[in-house]
Amino acid sequence: MSAGAVPRIHLRASADGLSHPQAQAPYYLPAGDEVRIFEACHKQGLATLLKGPTGCGKTRFVEYMAWRLGRPLVTVACHDDLSASDLLGRYVVRGGETEWRDGPLTRAVRNGALCYLDEVVEARQDTIVVIHPLADERRLLPLDKTGELIEAAPGFQLVISYNPGYQHVLKDLKPSTRQRFVVIEFDFLPAEREAEIVAHEGGIDRLGAESLVKLARRVRNLRDRGLAEAPSTRLLVATARLVAAGIPIREACRTAFVAPLSDDPTMLASIGDLLDATL
């Protein structure tokens, strides 16, 4: 399941550290039953895992669902150095006094927000463990440093994502984590619908969008020849925006599409050949 992933955000930040939906819906094209399944998860208080390649629409989908459900959204980009304190909060010194400051996960739990942990597999295992009581029927968040046991407010939903292409023995979700989540699988849309997204979000005509999607689909076949990551819809939209700004399409492709995919001269030459054959 998939939709176009683009960098524009349709959420406004507020003083409470949450992002609240604006009146305009984020642009999203459903690929299957993902909207209905997510709504059912939200209604039942079930944690949700979004699984799919980079740039296929997972983040945009969460933004769209936050808007659709009318819930605030907290997004955390996970990384190797993300600690439990980064999620939960910590004591800080302010005005000569020590006070507790909630982290993003704690704010989401207290306020009944959607909390989206993007690429959760990148976080340390000892950090991931803190979400376990929230991801099952308990819906609780223990704060050992303050002695609090916070019950998730109505509307709270834990959402995580990861790219299975990055899986390996040292970076994968443990079964004890996986089995707490309902899994919604994402992939790139069929060519016709992906072209619709690229045309809409990139600001170019349909013919140009179809050419970019055709190129992307050919390059994605190079995964079997050592290409580390398939070109995403996000890359296509960035390329289209350069074209819309007046950059010739071949030059736009070389800088926004080809160059980000690899540093290997042989792989770049192969992609370049596909570019020449397609355009």
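The values are calculated or read from the model by the stated rules, or taken from the named source; none is laboratory data. Please read all numbers here as calculations on a predicted model, not as lab measurements. Note that we place each Cβ from the backbone using ideal geometry, even for glycine, and neighbour counts take in every protein chain shown.
Tabulated data for the structure shown
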{"item": "Meets criteria (surrounded by fewer than 17 Cβ atoms within 10 Å (Cβ to Cβ), within 20 Å of the chain's Cα centre (by Cα) and within 30 Å of residue 235 (Cβ to Cβ)) for residue 80", "result": "yes"}
{"item": "Identity of the residue in segment 28-47, of a type outside the set (D, E, K, R) and assigned to a helix (DSSP H, G or I), that ends up farthest from residue 134 (Cα to Cα)", "result": "35"}
{"item": "Conditions (1) without any contact (Cβ under 8 Å) to a residue 24 or more places away in the chain; (2) touching a Lys or Arg at 6+ places or on another chain (Cβ under 7 Å): number failed by residue 199", "result": "(1)"}
{"item": "Residues located in segment 224-277, provided they are hydroxyl-bearing (Ser, Thr, Tyr) and either over 15 Å from residue 211 (Cα atoms) or not assigned by TED's automatic domain parsing to the domain that holds residue 206 (or both)", "result": "255, 262, 266, 270"}
{"item": "Conditions (1) modelled with pLDDT of 90 or more; (2) part of a helix (DSSP H, G or I); (3) of a type in the set (S, T, N, Q); (4) within 27 Å of residue 104 (Cα to Cα): number failed by residue 161", "result": "(2)"}
{"item": "From 117, 140, residue being under 21 Å from residue 39 (Cβ atoms) and either surrounded by fewer than 20 Cβ atoms within 10 Å (Cβ to Cβ) or out of contact with any Pro (no Cβ under 7 Å at 6 or more places or on another chain) (or both)", "result": "117"}
{"item": "Condition met for residue 145 (surrounded by fewer than 15 Cβ atoms within 10 Å (Cβ to Cβ), assigned by TED's automatic domain parsing to the domain that holds residue 42 and closer than 30 Å to residue 55 by Cβ)", "result": "no"}
{"item": "Segment 221-234 residues that are of a type in the set (Val, Ile, Thr), paired with ones that are modelled with pLDDT under 85 (beta carbon under 9 Å, 6 or more apart)", "result": "233/2; 233/3; 233/4; 233/5; 233/6"}
{"item": "Residues of segment 144-158 satisfying the condition of being outside any strand (DSSP E or B) and within 25 Å of residue 59 (Cβ to Cβ)", "result": "152, 153, 154, 155, 156"}
{"item": "Residues of segment 244-278 satisfying the condition of being exposed (fewer than 15 other Cβ atoms within 10 Å of the Cβ) and not in a helix (DSSP H, G or I)", "result": "245, 246, 248, 263, 264"}
{"item": "Some residue of segment 13-35 being crowded, with 19+ Cβ neighbours inside 10 Å, modelled with pLDDT under 95 and out of contact with any helix residue (DSSP H, G or I) (no Cβ under 7 Å at 6 or more places or on another chain)", "result": "yes"}
{"item": "Strands (runs of 3 or more DSSP E) fully within segment 58-143 counting 2 or more residues that are of a type in the set (Asp, Glu)", "result": "97-102"}
{"item": "Criterion violated by residue 164 - all others in (1) in contact (Cβ under 8 Å) with a residue 12 or more places away in the chain; (2) over 30 Å from residue 269 (Cβ atoms); (3) in the same structural domain as residue 56 (by TED's automatic domain parsing) satisfied", "result": "(2)"}
{"item": "Breaking point among (1) surrounded by fewer than 19 Cβ atoms within 10 Å (Cβ to Cβ); (2) part of a loop (DSSP other than H, G, I, E, B); (3) at pLDDT 95 or above, for residue 214", "result": "(2)"}
{"item": "The one condition in (1) touching a residue at least 24 places away in the same chain (Cβ under 8 Å); (2) surrounded by fewer than 22 Cβ atoms within 10 Å (Cβ to Cβ); (3) out of contact with any strand residue (DSSP E or B) (no Cβ under 6 Å at 6 or more places or on another chain) that residue 64 fails to fulfil", "result": "(2)"}
